[in-house]
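Since the structure comes first, as structure tokens, the remarks are kept for the end.
The values are calculated or read from the model by the stated rules, or taken from the named source; none is laboratory data. On a predicted model such as this, the values are computed, not experimentally measured, just so you know. Glycine also receives a Cβ, built like all others from the backbone with ideal geometry; neighbour counts cover every protein chain displayed. With ligands, DNA and RNA removed, areas are computed over all heavy atoms of the protein, side chains included. Shrake-Rupley method; radii C 1.70, N 1.55, O 1.52, S 1.80 Å.
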Amino acid sequence: MTLIGKIIREPLAQFLILGAVVFGAYSALDTSPPSADVQVIEVGQGQLDQMFQTFSRTWQRPPTEAEFKGLVDGYVKEEVFYREGKKMGLDENDTIFRRRMQQKLEFLLEPDSEELTPKAGELEAYFKLHAETYKAAAMLEFEQLFFRSDASGDAGELAAAQALEKLKADPKAAETTLISDPTILPPTMALSGADMIASNFGDAFAKAVMQAPMDQWSGPVRSTFGVHLVRPAKRVAASTPALDAVRAAVQGDWEASRRREIADRRYEEMKKNYEVRVNLPSNMPATPIKTAGVK
């Protein structure tokens, strides 16, 4: 069943058709001149279709007769208020109204799918130009022993230094918790980037542990919790992935960049139709500014 057929079968549509017939007959018989003050608000077939479809999509069913009449009444009310408000100049210098108009126009100027489809070689060139963006950060897995410490040189930091000497003499000493303080921190931090380590232990700790020698205990390294002895167990160097590994992200970034480029170009084309002058306050010793390059 077509949309038009569906609407014709609706009781409200039959009501509207009957109303149109009565209105037509009345207009034909009425010879009095129309009032100059009366404006016409015409609710056409396209508007009725849009109301019907919008309601149906929203509520997953067609509107009842009363609901559809309410939609038409609401549209007429909105139109009356809009026209009366416009007569009073309420649309002028209204930030919300102006932004809404800007949003609608920007939507209409959106690039189509063809404009957002990269030509041969474009995606590869974009990836090459922005390779740093997709570079995988260096990762580190490390073990840590924790010591309570509030300040440099306190008992906690001294205990950590003494524990480090024991570990250098016997690395297996780390297997006992007797040389460190109990903590809820994990004894081993899984492979993580510097950002993740910094979010858990602090920037200074992350920088120090990322530079610590592999497979050796070192420290003490201060964190936001106290001080630690650390032992890097696995390091993965930073690397640039192949395009295929990050193609979806590159495609999304390329589209966003292309969208901004097209929007800026279309705005500049429209702006050429205007001469822009910015008048500074009268108490400032300056002449009006003319935007350079605007005709």
Karplus-derived HN-Hα couplings along the range 92-101 (A = 6.51, B = -1.76, C = 1.60, θ = phi - 60°), whole Hz, x at Gly and Pro: 7, 6, 9, 4, 5, 4, 5, 5, 5, 5
At 1.002 mPa s and 20 °C, Stokes diffusion of the range 75-225 via Kirkwood alpha-carbon radius, µm² per second: 98 µm²/s
Cβ crowding within 10 Å averaged over residues, with 139-149, 120-130 ranked highest first: 139-149, 120-130
Proximal lysines relative to LYS87, as straight alpha-carbon distance under 21 Å, when same-chain residues fewer than 8 apart are discounted: LYS77
Within the range 46-158: Cβ-based charge dipole about Cα centre, in debye rounded to nearest 20 (Lys, Arg +1; Asp, Glu -1): 600 debye
Residues GLU78 and ASP112, FRET efficiency given R0 of 30 Å [Cβ-Cβ distance, rounded to 0.05]: 0.50
Farthest positive-ward along the range 86-226 dipole, Cα basis, beta-carbon charges - from ALA138, LEU167, LEU109: LEU109
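What accessible area per residue, rounded to a whole number of Å², is obtained for the range 30-181 using a probe radius of 1.4 Å?
Per residue, the range 30-181 has an accessible area of 74 Å².
Ignoring ligands, DNA and RNA, what percent of the 1.4 Å accessible area of the range 83-154 is carbon and sulfur?
On the way: 2950 of 5500 Å².
Whole-percent figure for carbon plus sulfur exposure: 54.
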Out-of-range pairs (alpha-carbon distance over 26 Å; input LYS104/LYS135; LYS168/LYS207; LYS104/LYS271; LYS128/LYS272; LYS128/LYS207; LYS135/LYS168): LYS104/LYS135; LYS128/LYS272; LYS128/LYS207; LYS135/LYS168
